[in-house]
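Okay, structure first, notes after.
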Amino acid sequence: MEQHLRDLAWLRRVRDRIDREYAQPLDVEALARGAHMSAGHLSRQFRLAYGESPYGYLMTRRIERAMALLRRGDLSVTDVCFAVGCSSLGTFSSRFTELVGVPPSVYRRDEADATAGMPSCVAKQVTRPIRNREAPVREPQLA
């Protein structure tokens, strides 16, 4: 039980690091080293705790930030892709479309005024992308 609680604390640190450093080059191996776990163990435990892989969580954070940048309307889709830490426009566009339901260029064109006048905390809730559909979100298991 004590080891499980330590693992949960490390997983929380990994999630917080992803939230803070989403635009940096992050990979599961680097995140695992920081959590003193193997990459496989981190991936399994992260999925159990948060319902998706560390990579899926990272991409969700990146897409959330990309949505905000695209709504601003002053950056191209390519600029937004690189600003949020993605190195492949194709992967970015595919993941964006999967989570948001429309390609980034369509979102940029159609959603520019979608959150006008909304407090940022409300805008963040209403525009949150759907989490990875392949891994349904479950409550963390503490036993």
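The values are calculated or read from the model by the stated rules, or taken from the named source; none is laboratory data. On a predicted model such as this, the values are computed, not experimentally measured, just so you know. Every residue, glycine as well, gets a Cβ built from its backbone with ideal geometry; the counts of neighbours run over all protein chains shown. Each accessible area value is taken on the protein alone, full model and side chains, heavy atoms only, with ligands, DNA and RNA left out. Shrake-Rupley method; radii C 1.70, N 1.55, O 1.52, S 1.80 Å.
Please work out which residue is surrounded by the most Cβ atoms within 10 Å (Cβ to Cβ), limiting yourself to the stretch 71-89 and to residues that are modelled with pLDDT of 95 or more and more than 20 Å from Gln24 (Cβ to Cβ). Filtering first and then ranking leaves Val77. For Thr97, the conditions (1) in a helix (DSSP H, G or I); (2) surrounded by 20 or more Cβ atoms within 10 Å (Cβ to Cβ) all hold with the exception of (2). Under the condition of being in contact with a Leu (Cβ under 7 Å, 6 or more places away or on another chain) and not in a helix (DSSP H, G or I), the residues counted in the stretch 5-50 number 3. In the stretch 9-17 there is at least one residue matching the filter, namely being open to solvent by less than 30 Å² (accessible area, probe 1.4 Å) and not β-branched (Val, Ile, Thr).
Only one of the numbered conditions (1) open to solvent by less than 60 Å² (accessible area, probe 1.4 Å); (2) under 13 Å from the mean Cα position of the chain (by Cα); (3) under 21 Å from Ala66 (Cβ atoms) is not met by Arg20, and that is (1). Looking at the stretch 29-37, is at least one residue within 28 Å of Pro103 (Cα to Cα), open to solvent by less than 50 Å² (accessible area, probe 1.4 Å) and either modelled with pLDDT of 95 or more or of a type in the set (A, V, I, L, M, F, W, C) (or both)? Looking for residues that are within 28 Å of Pro103 (Cα to Cα), open to solvent by less than 50 Å² (accessible area, probe 1.4 Å) and either modelled with pLDDT of 95 or more or of a type in the set (A, V, I, L, M, F, W, C) (or both), one finds none in the stretch 29-37, hence no.
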